[in-house]
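Below is one structure, written out as structure tokens; the observations come after it.
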Amino acid sequence: MSVAPDLLTLTPAGLYCPHGGFHIDPVRPVERALITHGHSDHARSGHGGVMATPETLGIMAVRYGEDFAGVTEPAALGRPIRVGDIEVCFHPAGHVLGSAQISLTRGACRVVVSGDYKRQLDPTCIPFETVPCDVFVTEATFGLPVFCHPDARGEIGKLLESLSLFPERPHLVGAYSLGKAQRVIALIREAGYDDPVFLHGALERLCRFYESRGIDLGLLEPVRGLKPKELAGRIVICPPGSMADLWSRRLGDPVTAFASGWMRVRARARQRGVELPLVISDHSDWNDLQATIEETGAGEVWVTHGAEEALVHWCRTRGLDARPLHMLGYGDEGEAEPDTPAAEAPAEDGAPS
């Protein structure tokens, strides 16, 4: 029997805390929502009230407009807040800017809902922090042994090496608009590349938001209005959905790269026509999922969105009480953002010609 039936339960709208009267990352509008991070499969508009980190609230405003919820309440990382009979606290998740795990404590029992998280260092967000708990609700986007992410800096090295080998061609990098695009740019800067990086219009607003929060992304320029020959030897970043559409065909003959944990699977790269797969993920790989579960000390593990069964099986071989949640409505936006929210996607009417 679960040790936390009063703390957290599953409803059609998602995870619900009866004693606190709130949902966490609900998939439909609810009276009160606590949000782990700004990706659209976790942060939806239309809730009566939203509690999240200030950065996540800002991201939701960028994506959905200032009126995305009835009321908003910022939650500082590491500061406990009383909500009903529950002590709530937000902890760094290392996934994207503002991302947080959420702990719920009542009496001697603590549940931690991880949201999405990663253990690799990321210059654009606060590092992941392990939170001891009795019940750990973990994602499993890359919950299979085949997924072992390399150092992202090495993948950026491949991109810059290709740039030096093919200076006559633009390098078009597909990267999700929230988190991945900014991380790729920051890693490029860390590697010493200080030329302008060119952006698809759908990435501009979130990049500017990151800069407003003190994340230095260097010189960014819009692609609009430039001719293909003006982009030779340049790095252009766009949403993955634009890599094969009319917009990208106007770039001439780019080297196509895609930054995603899914690029570990070569068949996926071939299906997308990617010449330069970059295995850069904003999720924990198989080894980090296991390490995190062990470090939390949780005796009970709930697994959601991803390869649930494999991680549940691994937990049970360690004597842990584990179960899949089979929750619908969650994708893996950090690795496969479904769509760019409408308020975030300016038209590329001045696409390269």
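The values are calculated or read from the model by the stated rules, or taken from the named source; none is laboratory data. Here the structure is a predicted model, which is why all the values come from computation and not from measurement. Glycine gets a Cβ as well: all are built from the backbone with ideal geometry, and neighbour counts include every protein chain shown. The area values use the complete protein model at the heavy-atom level, side chains included, leaving out ligands, DNA and RNA. Shrake-Rupley method; radii C 1.70, N 1.55, O 1.52, S 1.80 Å.
Quick rundown of the values:
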item: Computed over the stretch 29-127: relative contact order in percent, which uses C-alpha pairs under 8 Å that are six or more apart; result: 22 percent
item: Check: the chain dipole with +1 on Lys, Arg Cβ and -1 on Asp, Glu Cβ, in debye; result: 480 debye
item: Label selected from (1) 30; (2) 48; (3) 40, the criterion being percent of Cα pairs over 32 Å apart as computed here; result: (1)
item: Average Cα contact separation per residue, the stretch 103-167, under 8 Å, 6 or more apart, as relative contact order %; result: 29 percent
item: Efficiency of FRET from Cβ geometry, Ala76 and Ala191, R₀ 35 Å, rounded to 0.05; result: 0.60
item: Between helix 152-165 and the chain: long-axis angle, C-alpha atoms, 0 to 90°, nearest 10; result: 10 degrees
item: Computed magnitude of the charge dipole of the stretch 73-120 (debye, nearest 20; Cβ of K, R +1, Cβ of D, E -1); result: 180 debye
item: Prolate/oblate/rounded call for the stretch 180-298, Cα gyration tensor, a/c under 1.5 rounded; result: oblate
item: FRET efficiency estimate (nearest 0.05) - Cβ-Cβ, Asp253 to Thr11, R0 51 angstrom; result: 0.50
item: 0 to 90° range, to nearest 10: angle between helix 308-317 axis and the chain longest Cα axis; result: 50 degrees
item: Value of relative contact order over the chain, rounded to a whole percent, pairs C-alpha under 8 Å and six or more apart; result: 18 percent
item: Probe 1.4 Å, accessible area per residue of the chain, Å²; result: 38 Å²
item: Computed lengthening from Asp67 to Glu31, 0.36 nm per intervening residue step minus Cα-Cα distance; result: 11.5 nm
item: Helical contribution to [θ] at 222 nm, DSSP H n ≥ 4, -39,500 (n - 2.57), averaged over the chain, rounded to 500; result: -7000 deg cm²/dmol
item: Computed lengthening from Asp321 to Arg153, 0.36 nm per intervening residue step minus Cα-Cα distance; result: 56.8 nm
item: For the chain, share of DSSP beta bridges that run antiparallel, in % to the nearest 5; result: 35 percent
item: Angle in degrees between helix 286-296 and the longest Cα principal axis of the chain, rounded to the nearest 10; result: 30 degrees
item: Among Thr292, Leu206, Phe166 - extreme Cα towards positive end, dipole of the chain, charges at beta-carbon; result: Phe166
item: Within the stretch 224-294: Cβ-based charge dipole about Cα centre, in debye rounded to nearest 20 (Lys, Arg +1; Asp, Glu -1); result: 560 debye
